[in-house]
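Heads up, the thing below is written out as structure tokens.
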Amino acid sequence: MKQEITLPNGVLIRVANTKDVRGISQLIDTYSGDGRLLAKPTVTLYESVQEFLVAIKGDEVVGCGALHVMWEDLAEVRTLAISPELRHSGLGGTILELLIDRARVLGISRIFCLTFETSFFQPMNSYLSHMTKVLQKCWVLKELSQIL
């Protein structure tokens, strides 16, 4: 990924830094109350800030997503969230594509996401497959070589 990508709507997507953690935390809090995202302590976000991409509009974090390497060939997409006013704008899909690109660069061949937002992944059925139910969440796992 280039250092920064500016979308036509003016949203900037870039690698997160420590100054973004409070905004990431606020975005997570938007969805953790109803259980769509897991709440995370601020210290955990600082510890994993290098895993995150953020979408910035003005001075506000309006989107985020993380790629957590689990093993030599396996990574999890985590904490993919978009501010309510930008949901259904394509921003989440763009962040997901950039996270998949990061996985490829790292040599990851398998990627998954645990989510309640299964409808978000439906348009991506061409390269994501619904493998099994885990605690009523969708386990999405596919060989990256099949995405290329």
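Amide H contacts of LEU37 (H built 1.01 Å from N, in plane; Pro and chain starts excluded): SER32 sit under 5 Å, all sequence-distant by 5 or more or on other chains.
Local charge for ASP59 was computed over the other residues whose Cβ lies under 13 Å away, with Lys and Arg +1 and Asp and Glu -1, and equals +1.
For region 4-110, the fraction of C-alpha pairs farther apart than 24 angstrom is 19 percent.
In loop segments of region 26-118 as defined by DSSP, the trypsin sites (Lys or Arg not before Pro) with at most 15 further C-beta atoms inside 10 Å of their C-beta are ARG36, ARG87.
Packing-wise, with mean Cβ within 10 Å as the measure, how do 48-55, 22-29, 68-75 rank, highest first?
48-55, 22-29, 68-75
Values in this text are rule-based calculations from the coordinates and carry no lab data. Every value quoted in this text rests on a predicted model; they were computed, and no experiment measured them. Every residue, glycine among them, receives a Cβ derived from its backbone with ideal geometry; neighbour counts consider all protein chains shown.
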